[in-house]
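Here the structure is laid out as structure tokens; the discussion comes afterwards.
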Amino acid sequence: MNNTIKLAVASALLAAASSASAAGGIVAGDWTLDIGGIVNTYYTQTKASGNLSAGAIALGGYGSAFNTTTDSGRNAKQNNITTGLLPNYLTVSGKTRQNDLDVTFLISINPGSSTAAGGIQSAQQENRQAFLTFGDASWGSIKLGKDLGIYASDAILNDMTLLGVGSGAGNLKGNTTTTGRIGTGFMYADWKSQVAYTSPNFNGFSFTGGVTQAFNANNTLSGATNAQRGGSEPAFEGKASYAFAGDVSGKVWVSGISQKVQGLVAGTVNQTADSVDVGANVNMAGFGLTGYYYTGNGIGQTIQFNGGFDAAGNKRDSDGGYVQATYTLPGVGTKLGASWGISKIDGNTVDTFRKVEDEMWTIGAYHPLTKHLNIVAEYSDVKHKVDIAGATTEGKGKTASVGAILFF
């Protein structure tokens, strides 16, 4: 993946309104407007085997390739044509300089490329971003609106499956996206209403802090809607990072989230769910290496606050991480990569399970056919393990995919 494509990915997800350039934008009065986006589609084949819903602990199917009892205990195969981890994007952004302030906006629409039923021709639709920013290089900028969350954002931005499929191609057909490595190495940063401040760049160091809309929490690992309670206050998120360039380039970061959650069970008090992470990405002479780790209490698994509490309203501990190595072939620009990651959540004394683990390794090839078009091939192997009373039950999902992703 060349630098042009890599920057395009970051622009699409972080959607920095400053990506609109005077050279390529449309001048409209005081504004410079820009239109950009992503189109991608993949052919996928997923094979599942083993027990995929042991003890009714299936984590909503996020980490596993399938999530139905009919698939348990036997082989199952699905072939789908679907969007990858990134949905399709159409973004409209603008920027202007007024009263010594840089003012920007960005709005995106995100249709899927997957259909799942006869007579229903529209895939699902998202609207992931609608925000404005204002600020100055001397003191930073303020963002108001909906955009990628702050906590765990660098984990997904450095995931090589961002250009591909990863897991979830089997059980998420008809959706806007697959799951990539979400839930098998990091929590989903998600798309959140927020008010956030980002500092100026101090020779590579910068930080972001903000309040985000509180999410509901639940005490089931199946993603069921019972016992859901919203946070009594907004969530608080923050991130600090240091980027460096030269013969060896890269970035190190740390981020965190904290949110009060109302008592999930009658008679229990409000609690605080929180999580922190740390990661690093280093690049030299075509080689890239990424390492990441997170730990949390009450944060849940895969989706923030999913299963973070037990039936008695007590927090469950969770942690995970991933490692990734890539190499870009000289001359042709093809990036080859391999990664492994795991996400774990521990049961409490009232739970029927001791531990749930979702583990995945992925190999992939990402070839820039043009500076805007990548051909992608991936193979991912997911294991979903549940420890109940010392006996481990395992379900497996293996996904092969090939397709293309276009940036414009």
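The values are calculated or read from the model by the stated rules, or taken from the named source; none is laboratory data. This structure is a prediction, so every number in the text was calculated from the model and none was measured. Cβ placement follows ideal geometry from the backbone for every residue including glycine, while neighbour counts extend to all protein chains displayed.
Structure summary
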item: Residue check for G140: over 10 Å from the mean Cα position of the chain (by Cα) and within 16 Å of S241 (Cβ to Cβ); result: yes
item: All positions within region 331-350 that are crowded, with 22+ Cβ neighbours inside 10 Å and more than 20 Å from the chain's Cα centre (by Cα); result: K335
item: Failed item in (1) surrounded by fewer than 20 Cβ atoms within 10 Å (Cβ to Cβ); (2) among the hydroxyl-bearing types (S, T, Y); (3) modelled with pLDDT of 95 or more, with T393 passing the rest; result: (3)
item: The lone exception for D317 - which of (1) over 30 Å from H372 (Cβ atoms); (2) buried (at least 20 other Cβ atoms within 10 Å of the Cβ); (3) more than 19 Å from the chain's Cα centre (by Cα); (4) at pLDDT 95 or above it fails; result: (2)
item: Conditions (1) within 25 Å of W361 (Cβ to Cβ); (2) modelled with pLDDT of 60 or more; (3) of a type in the set (S, T, N, Q); (4) surrounded by fewer than 18 Cβ atoms within 10 Å (Cβ to Cβ): number failed by Q121; result: (1)
item: The one condition in (1) farther than 26 Å from K398 by Cβ; (2) modelled with pLDDT under 90 that N297 fails to fulfil; result: (2)
item: Residue list for region 166-188, filter: in contact with a helix residue (DSSP H, G or I) (Cβ under 8 Å, 6 or more places away or on another chain), buried (at least 23 other Cβ atoms within 10 Å of the Cβ) and closer than 18 Å to Y151 by Cα; result: G180, R181, I182, G183, G185, F186, M187
item: Residue that is surrounded by the most Cβ atoms within 10 Å (Cβ to Cβ) [pool: residues in region 258-310 that are hydroxyl-bearing (S, T, Y) and free of Cβ contacts under 8 Å to residues at least 60 places away in the same chain]; result: S258
item: Residue within region 262-279 that is touching a helix residue (DSSP H, G or I) at 6+ places or on another chain (Cβ under 9 Å) and closer than 30 Å to F244 by Cα present; result: yes
item: Identity of the residue in region 396-408, crowded, with 24+ Cβ neighbours inside 10 Å and among the β-branched types (V, I, T), that ends up modelled with the highest pLDDT; result: I405
item: Selection from region 28-69 of residues that are at pLDDT 50 or above and β-branched (V, I, T); result: T32, I35, I38, V39, T41, T44, T46
item: Residue count, region 132-161 (criterion: crowded, with 22+ Cβ neighbours inside 10 Å and touching a Leu at 6+ places or on another chain (Cβ under 6 Å)); result: 1
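Conditions tested, residue by residue: (1) within 30 Å of V265 (Cα to Cα); (2) assigned to a loop (DSSP other than H, G, I, E, B); (3) touching a strand residue (DSSP E or B) at 6+ places or on another chain (Cβ under 6 Å).
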| site | (1), (2), (3) |
| --- | --- |
| A311 | yes, yes, no |
| S318 | yes, no, yes |
| Y327 | no, no, yes |
| G337 | no, no, yes |
| E359 | no, no, yes |
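Residues checked against (1) over 23 Å from S49 (Cβ atoms); (2) out of contact with any strand residue (DSSP E or B) (no Cβ under 6 Å at 6 or more places or on another chain); (3) among the basic types (K, R):
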{"residue": "I375", "(1), (2), (3)": "yes, no, no"}
{"residue": "K383", "(1), (2), (3)": "no, no, yes"}
{"residue": "D387", "(1), (2), (3)": "no, no, no"}
{"residue": "K398", "(1), (2), (3)": "no, no, yes"}
